[in-house]
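Read the structure below first, then the notes.
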Amino acid sequence: MEVVIVPDAAAGGEVIAEAVAALLRRKPDALLGVATGSTPLPVYRALAGKVRAGTVDTSRTRVCQLDEYVGLPAGHPESYRSVLLREVVEPLGLSPDRFMGPDGAAADVAAACAEYDAALAAAGRVDLQLLGIGTDGHIGFNEPCSSLASRTRIKTLTEQTREDNARFFDGDITQVPHHVITQGIGTILEARHLVLLATGEGKAEAVAATVEGPVAAVVPASALQLHPHATVVVDEAAAAKLK
Ligand code: F6R
């Protein structure tokens with residue numbers, strides 16, 4: 001595992017956007033795995049700047065979603081599909097038909113999980129998977145004690161994660177769904193390159209456990225230690241508890 005310490009979130013966004021741009025120059029039809037939440041926004045903004053400047057061509061780029069809330073109506077502004085259309089697909093000028101994700105509004109959620117896992121397998125390996133990290137060490141929405149071999153499935157969010165995400169729902173935790181569909185840890189580990197970005201002091205403990213602790217299901221992100229090509233980009237605040 002490679003750890004890159006940058007001064008701040010904007011610098012982290014630049015470093016990762018440059019890695020994505022280099023990938024797309026080498027492989028224009030690359031499959032990018034995209035995360036939601038606050039952390040990856042500087043990456044998407046830096047990448048959009050490169051698209052506008054004409055230094056990267058995204059006309060053949062494919063993107064796939066990491067996770068999704070269950071039960072939000074289609075088109076809800078905080079569904080991860082809506083967020084990614086707004087923050088990634090539109091600003092990067094991607095074709096929406098090259099964007100895939102699980103159906104969190106499906107009547108049969110278990111079938112939607114299996115369908116998405118099969119669609120990912122059919123699309124080939126994700127070339128670069130961007131990840132954030134929860135304050136409890138989750139990746140995707142694989143909460144602590146998720147199996148390290150897990151596949152795309154329904155999960156229940158911890159109270160901590162629902163509290164952390166209430167800010168996206170007018171600060172009202174009662175609006176945060178209890179259930180999600182998430183790529184499993186085993187699914188995530190199939191990507192060719194994993195890039196985790198963590199910023200802010202609130203992530204320092206989870207980062208230390210991920211990078212320097214044992215590989216353990218209680219810290220799902222520690223599974224990155226098992227991957228042959230994992231990069232962890234942290235700002236100084238998130239690096240504060242590294243030895
Ligand atoms: C969301 C996801 C989550 C977030 C994590 C951190 O797609 O995969 O693992 O990355 O909850 O969220 P932020 O970045 O909002 O702190």
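Just so you know, all these numbers are worked out from the coordinates, no wet-lab data involved. This one's a predicted model, so the numbers in the text were calculated from it and none came from an experiment. Cβ sites come from the backbone with ideal geometry, for glycine too, and all protein chains shown count toward neighbours.
Spin-label pair Ala53-Glu201: with each label point 7 Å from Cα along the Cα-Cβ axis, the two points sit 3.3 nm from one another. Computed over region 1-114, the P(r) tail beyond 22 angstrom holds 36 percent of alpha carbon pairs. The calculated Kirkwood hydrodynamic radius for region 60-132 is 12.9 Å, given to one decimal from all distinct C-alpha pairs.
For the chain, the mean residue ellipticity at 222 nm estimated from helices alone is -8500 deg cm²/dmol, where every DSSP H run of n ≥ 4 contributes -39500 (n - 2.57) and the total is divided by all residues, rounded to the nearest 500. Cα-based values for the chain, radius of gyration first and Dmax second, are 16.5, 47 Å.
When only alpha carbons are used to place a centre, region 1-55 and region 220-243 end up 17 Å from one another. Taking other C-beta atoms within 10 angstrom as a stand-in for reagent exposure, Leu47, Leu85 fall in the order Leu85, Leu47, fewest first. Three principal axis extents describe the C-alpha atoms of region 116-243; from largest down they are 38, 37, 22 Å. Extension gain for Gln160-Arg26 works out to 44.2 nm (0.36 nm per residue, less the C-alpha to C-alpha distance).
Expressed as a whole percent, how much of the Cα-Cα distance distribution for region 1-50 exceeds 15 Å? Tail fraction, whole percent: 49.
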